[in-house]
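The values are calculated or read from the model by the stated rules, or taken from the named source; none is laboratory data. Given the structure is predicted, the values throughout are model-derived calculations rather than measurements. Using ideal geometry, Cβ is built from the backbone for each residue, glycine included, and neighbour counts are taken over all protein chains shown. Protein only, heavy atoms only, side chains kept; ligands, DNA and RNA dropped before computing areas. Shrake-Rupley method; radii C 1.70, N 1.55, O 1.52, S 1.80 Å.
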Amino acid sequence: MSRIGRAPIAIPAGVTVTVDGTTVTVKGAKETLTRDVHPNMTVKVEGSEILVTRPNDEKQNRALHGLTRSLIHNMVVGVTEGFKKELEVNGVGYRVQKQGKDLVMNLGFSHQVVMSEPEGITIECPSANKIIISGPDKQKVGQFAAEVREKRPPEPYKGKGIKYADEHIRRKEGKTGAKKK
């Protein structure tokens, strides 16, 4: 039995979970998230817990068991606390700011890079070199953070670029300048 899959998911106060066939809907104070689960997985709400079960021990069902439980757990956490990713912008002249619903970034290009805020995600810029992306859907938050980072990934020599706050950049040594004869 999957260690992750067999663990029940506690439903906190103020959250309602409804299961309609293969569709699981989690409704919190601010947000509602919906996800279709694989037809082989059985999701039941018993009291203040959600249980995910599988029909047999086939390899695919074992893999789907833990995955389905994790996805539903992330939905519950998303509607109660939400998810957030922090990004740092390093480099001389590199800065970010929020204009309306757009994130405007000066990243050393001849032009400004503008990214609009997707639906269900909020962007904050507390300082000129920090971006906080938050929202209830873990996948959307992570994907948008990856797209922002992709605009100028950190380079290994000076560390310039956009990196996650908890990311460590492996630095490289530059050229030594010694000539060989």
*asked:* Looking at the range 19-30, I want the residues that are in contact (Cβ under 8 Å) with a residue 12 or more places away in the chain and closer than 14 Å to Val52 by Cα and have a partner that is surrounded by fewer than 14 Cβ atoms within 10 Å (Cβ to Cβ) and not charged (D, E, K, R) with Cβ atoms under 7 Å, at least 6 apart or on another chain. Which pairs are those?
replied: Thr22/Pro39; Thr23/Thr34
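Any residue in the range 140-150 that is surrounded by fewer than 16 Cβ atoms within 10 Å (Cβ to Cβ), modelled with pLDDT of 95 or more, charged (D, E, K, R) and assigned to a strand (DSSP E or B)?
So in the range 140-150, the residues surrounded by fewer than 16 Cβ atoms within 10 Å (Cβ to Cβ) come out as 142-143, 146-147, 150.
The next check asks that each one be modelled with pLDDT of 95 or more; those that pass are 142-143, 146-147, 150.
From what is left, the residues that are charged (D, E, K, R) are 147, 150.
Now narrow it down to the ones that are assigned to a strand (DSSP E or B): none.
Taking every residue of the range 140-150 in turn, none turns out to be surrounded by fewer than 16 Cβ atoms within 10 Å (Cβ to Cβ), modelled with pLDDT of 95 or more, charged (D, E, K, R) and assigned to a strand (DSSP E or B).
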*asked:* Please pick out the residue among Val77, Val89, Val24, Val43 that is within 30 Å of Ile169 (Cβ to Cβ) and assigned to a strand (DSSP E or B).
replied: Val89
*Applying the selection to the range 2-18, what residues are in contact with a strand residue (DSSP E or B) (Cβ under 9 Å, 6 or more places away or on another chain) and open to solvent by 60 Å² or more (accessible area, probe 1.4 Å)?*
Arg6, Ala10, Thr16, Thr18
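Can you go through Lys163, Lys84 and tell me which one is in contact with a strand residue (DSSP E or B) (Cβ under 6 Å, 6 or more places away or on another chain), over 30 Å from Asn40 (Cβ atoms), open to solvent by 50 Å² or more (accessible area, probe 1.4 Å) and in a strand (DSSP E or B)?
Every option except Lys84 fails the conditions.
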_Any residue at all in the range 77-89 that's over 18 Å from the mean Cα position of the chain (by Cα) and at pLDDT 95 or above?_
yes
_Of all residues being of a type in the set (Gly, Ala, Ser) and closer than 23 Å to Phe83 by Cα in the range 19-66, which is most open to solvent (accessible area, probe 1.4 Å)? Just the residue, please._
Ala29
